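**Q** Have a look at the structure that comes next, please.
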Amino acid sequence: MIQPRAWRILIVDDSAVMRSLLRTVIGTDTRLETVGTASDGASALRAMEALHPDLILLDVEMPVMDGLSTLKQMRMRGTKVPVIMCSTLTQRGARVTIEALASGASDYVAKPSGFASREAAVKALAQEVIPKILALTSATQQVPAAATRMGQPASVSTSGVGHVLTSHSDARSWAPPPGYPKNQLPAIKLLPASTRHTVLLIGVSTGGPAALELLLPALPASFPLPVLVVQHMPELFTSLLAERLATRCPLRVREAATGEPVRPGAILIARGNWHMEVTPSSSSSSPLIRLQQEVAENHCRPAVDVLFRSAVQVYGAGILGVILTGMGSDGFAGCRLIREHGGTVLAQDQATSAVWGMPGVVAQAGLAHRVLALNDIAPEILRLAGRGQREAVELRESVV
């Protein structure tokens, strides 16, 4: 039997210590091998042409040519090799990393600091980077088998048309994906989608900044729904992501704060390391944001499921939920609740996802009304949001 070849990783970092550390990390998994190293971006570009790596671990700050410049040179040359940025958790490191992610980097890892030993640093870094490498280098993204048998999988649309799902299997054929809390299983019955939407919820992870930078600026200043976004990122990164998007979107964009009203005309980004919830207000017609630091869900804080679950209690069938590119299955339980209460779910397709994990489990479990290419999601959101507004106007006019 022929063994599959190991994925070839190119390590680019100006620190010899960090290069050695990453070599050791790569060596902990037999599915991976270090094909070469480089100490600056210019050397990395030459090494890429000679070594043809499957993935590049790219330092943010380097002499001669830094990581962001190297990434932009790669993309200008048409190189589509996945890139994971290696960043320090500093203001400058986070800002450059956000720009790199928006410019085509697939993901990032934080450089280890404060560990008592090299072994502890290797272990921590391996736990973070190995799953990301494997997810990005796999030829086909695997959807957890437990989540694929709920019903007929959604057909993938690359033209914006999509397919509405109408049939679902018996509850006995369904099982939750790994990590789903079994004591919170919702009822199996799924209601028809609502024709009127009152809030747009977006969940995204790996590949998210680039996806959001394409999707959110396409929503006009007149967009009639409030927009709440959960992007898996640390605290410093989410504030910088919100700042960057604010310069590119017609709608107002900011990092969410506790007590803030949820109103149309604003995009609120969940704060890193804090779950974002929606709660009713006793003194206002607008629901309020609540941030909390309870236990992580799906290994994430913020978690998509936490936001979606709270929003169902406030908006019910009025939710338009969107699941974009990302590792894991965060958002699966929340989408199931949205469907159970009559809301609408859209999922990004595999071809345009950096990793088809989060949208994949939703799509293949039959929870997405439509599975769409990234370019087609904003037009579909506008169509659905506009439809509800038109019907409301027509109803008011008919009463008059």
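**Q** Taking segment 271-294 as the region of interest, how many residues are in contact with a His (Cβ under 9 Å, 6 or more places away or on another chain) and not polar (S, T, N, Q)?
**A** Total meeting the criteria: 4.
**Q** Suppose we filter K132, K72 for residues that are assigned to a helix (DSSP H, G or I), touching an Asp or Glu at 6+ places or on another chain (Cβ under 7 Å) and not assigned by TED's automatic domain parsing to the domain that holds A210; which single one remains?
**A** Answer to the selection: K132.
**Q** Another question, if that's okay. Could you check how many residues of segment 316-370 are out of contact with any helix residue (DSSP H, G or I) (no Cβ under 9 Å at 6 or more places or on another chain) and not small (G, A, S)?
**A** Residues meeting the conditions: 2.
**Q** Could I ask something else about it? I'm trying to understand the selection: among the residues of segment 268-288, which are within 17 Å of P224 (Cβ to Cβ) and under 16 Å from the mean Cα position of the chain (by Cα)?
**A** Result: L268, single match.
**Q** Then there is this: Of all residues in segment 267-309, which are among the small types (G, A, S) and buried (at least 21 other Cβ atoms within 10 Å of the Cβ)?
**A** Those that are among the small types (G, A, S) and buried (at least 21 other Cβ atoms within 10 Å of the Cβ): A270, A303.
**Q** Is it fair to say V64 is outside the structural domain of V204 (by TED's automatic domain parsing), modelled with pLDDT under 95, in a strand (DSSP E or B) and surrounded by fewer than 21 Cβ atoms within 10 Å (Cβ to Cβ)? Reasoning before the result, please.
**A** Numbers: outside the structural domain of V204 (by TED's automatic domain parsing): yes; modelled with pLDDT under 95: yes; in a strand (DSSP E or B): no; surrounded by fewer than 21 Cβ atoms within 10 Å (Cβ to Cβ): yes.
Considered against the rule, which asks whether it is outside the structural domain of V204 (by TED's automatic domain parsing), modelled with pLDDT under 95, in a strand (DSSP E or B) and surrounded by fewer than 21 Cβ atoms within 10 Å (Cβ to Cβ), V64 comes out as no.
**Q** Among the residues of segment 33-47, are any surrounded by 16 or more Cβ atoms within 10 Å (Cβ to Cβ), within 28 Å of the chain's Cα centre (by Cα), in the same structural domain as L125 (by TED's automatic domain parsing) and of a type in the set (S, T, Y)?
**A** Within segment 33-47, one or more residues are surrounded by 16 or more Cβ atoms within 10 Å (Cβ to Cβ), within 28 Å of the chain's Cα centre (by Cα), in the same structural domain as L125 (by TED's automatic domain parsing) and of a type in the set (S, T, Y).
**Q** Are there strands (runs of 3 or more DSSP E) fully within segment 209-313 with at least 2 residues that are in the same structural domain as E340 (by TED's automatic domain parsing), more than 19 Å from D330 (Cα to Cα) and free of Cβ contacts under 8 Å to residues at least 60 places away in the same chain? List them.
**A** Where strands (runs of 3 or more DSSP E) fall fully within segment 209-313 and carry at least 2 residues being in the same structural domain as E340 (by TED's automatic domain parsing), more than 19 Å from D330 (Cα to Cα) and free of Cβ contacts under 8 Å to residues at least 60 places away in the same chain, they are 252-255, 266-269, 288-292.
The values are calculated or read from the model by the stated rules, or taken from the named source; none is laboratory data. Everything numeric in this text was worked out from a predicted model, so none of it was measured. A quick note on method: Cβ atoms are made from the backbone with ideal geometry, for glycine too, and the neighbour counts reach across all protein chains shown.
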